[in-house]
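Engineer: If you scroll down you'll find the structure; I have some questions about it.
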Amino acid sequence: MFGKDKTVQEGLYVLSAAILVSSVILSLSIAYTGSTISINTDPQNKAPAAGNIQEVGQQAPSQQQPQQQPQQQPQPQPSPVQVSVDDDAMKGNANAPVTVIEFSDFQCPFCARFYSNTLPRLEKNFIDTGKVKFVYRDFPLGFHQDAQKAAEATECAEEQGKFWEMHDKIFDSQGAMDVNSLKTYASELGLDTNQFNSCLDSGKYAGEVQKDLSDGQAAGVSGTPTFFINGKKLVGAQPYEVFEQAINQELGG
């Protein structure tokens, strides 16, 4: 009887040990399988390429919590500024519904870029069609040694009805705008050179140029070119499309 109990007891020990070993094996198998699933996400069973490192940590949105798109916040519209056109040179219909005032510097490369790339299209599509009145005002920067005299030269040319011709000539020849060059341009444009030279040498319009500068500063101009489209400021030699959009907004289109 005692021998039989001992045999049963030993059998139970063996069974328990077998169960324990099976449990350990099963746990190890699960752990190993889970590790493989969590690491081996590449279908080619390869390590991530170096170029894809930036994707680590990104998570796709779950179906229960879809990713929400950020709401577009309305952009504040600039408040119009009261800017006088003064008695400065103008292009277009004086009664046009949109007034564009440019504060510019003849020695400024960005002003030249606007003159070359954007102004011709504005003339064709808005100024010549009577939709825009374009006004040029001077804003000579202190570190441009020839800008003041160049601005005076256009005022002297305006006495003879050729402001825009001198305006264009200076921008087309921006590399040379010292006083002697300005006098040469006046001759090339067919101006009365005695009258022009006397005007330029006397500084007759120096105060007029400085008044433009002061008016620009009072309106918040700090660099060139700066534009006011019905009083709304636009800074820099922006692409034509930016001007087109701003003007069309003023036209109600």
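The values are calculated or read from the model by the stated rules, or taken from the named source; none is laboratory data. Keep in mind that what you see is a predicted model, and the values were worked out from it rather than measured. No Cβ is skipped: glycine too gets one built from the backbone with ideal geometry, and neighbour counts run over all protein chains shown.
Engineer: Out of (1) over 22 Å from Ser116 (Cβ atoms); (2) assigned to a helix (DSSP H, G or I); (3) of a type in the set (A, V, I, L, M, F, W, C), the odd one out for Leu191 is which?
Structural biologist: (2)
Engineer: Read through the list (1) buried (at least 19 other Cβ atoms within 10 Å of the Cβ); (2) without any contact (Cβ under 8 Å) to a residue 12 or more places away in the chain; (3) of a type outside the set (Lys, Arg), then give the number of the only condition that Pro120 fails.
Structural biologist: The failed condition is (1).
Engineer: Being farther than 20 Å from Leu119 by Cα and part of a helix (DSSP H, G or I) is the filter here, so list the residues in segment 160-188 that pass it.
Structural biologist: Scanning segment 160-188 gives Val179, Asn180, Ser181, Leu182, Lys183, Thr184, Tyr185, Ala186, Ser187, Glu188.
Engineer: Name, by its number, the condition in (1) among the hydroxyl-bearing types (Ser, Thr, Tyr); (2) surrounded by fewer than 22 Cβ atoms within 10 Å (Cβ to Cβ); (3) touching a helix residue (DSSP H, G or I) at 6+ places or on another chain (Cβ under 6 Å) that does not hold for Ser173.
Structural biologist: Unmet condition: (3).
Engineer: Give the residues of segment 107-143 that are assigned to a loop (DSSP other than H, G, I, E, B) and β-branched (Val, Ile, Thr), sorted by residue number.
Structural biologist: Listed by number, the list holds a single entry, Thr129.
Engineer: Residue check, Ala246 against (1) touching a strand residue (DSSP E or B) at 6+ places or on another chain (Cβ under 6 Å); (2) surrounded by fewer than 20 Cβ atoms within 10 Å (Cβ to Cβ); (3) in a loop (DSSP other than H, G, I, E, B); (4) not charged (D, E, K, R), all met but one. Which one?
Structural biologist: Ala246 satisfies all of (1) touching a strand residue (DSSP E or B) at 6+ places or on another chain (Cβ under 6 Å); (2) surrounded by fewer than 20 Cβ atoms within 10 Å (Cβ to Cβ); (3) in a loop (DSSP other than H, G, I, E, B); (4) not charged (D, E, K, R) except (3).
Engineer: Taking the options Ser187, Ser202, Ser214, name whichever one is closer than 16 Å to Asp88 by Cβ and surrounded by fewer than 14 Cβ atoms within 10 Å (Cβ to Cβ).
Structural biologist: After applying the criteria, what remains is Ser214.
Engineer: Additional query: Of everything in segment 217-237, what is in contact with a strand residue (DSSP E or B) (Cβ under 8 Å, 6 or more places away or on another chain) and crowded, with 16+ Cβ neighbours inside 10 Å? Give them in sequence order.
Structural biologist: Ala219, Val221, Thr224, Pro225, Thr226, Phe227, Phe228, Ile229, Asn230, Lys233, Leu234
Engineer: Check segment 183-204 and report whether any residue there is touching a residue at least 60 places away in the same chain (Cβ under 8 Å), at negative phi and in contact with a helix residue (DSSP H, G or I) (Cβ under 8 Å, 6 or more places away or on another chain).
Structural biologist: no
Engineer: Determine, yes or no, whether Asp128 is surrounded by 12 or more Cβ atoms within 10 Å (Cβ to Cβ), on the phi < 0 side of the Ramachandran plot, at pLDDT 50 or above and over 24 Å from the mean Cα position of the chain (by Cα).
Structural biologist: yes
Engineer: Name the residue that is nearest to Phe139 (Cα to Cα), counting only residues in segment 195-241 that are of a type in the set (Ser, Thr, Tyr) and not in a helix (DSSP H, G or I).
Structural biologist: Thr224
Engineer: Of all residues in segment 85-106 being among the polar types (S, T, N, Q) and assigned to a loop (DSSP other than H, G, I, E, B), which is surrounded by the fewest Cβ atoms within 10 Å (Cβ to Cβ)?
Structural biologist: Of everything passing the filter in segment 85-106, Asn95 is surrounded by the fewest Cβ atoms within 10 Å (Cβ to Cβ).
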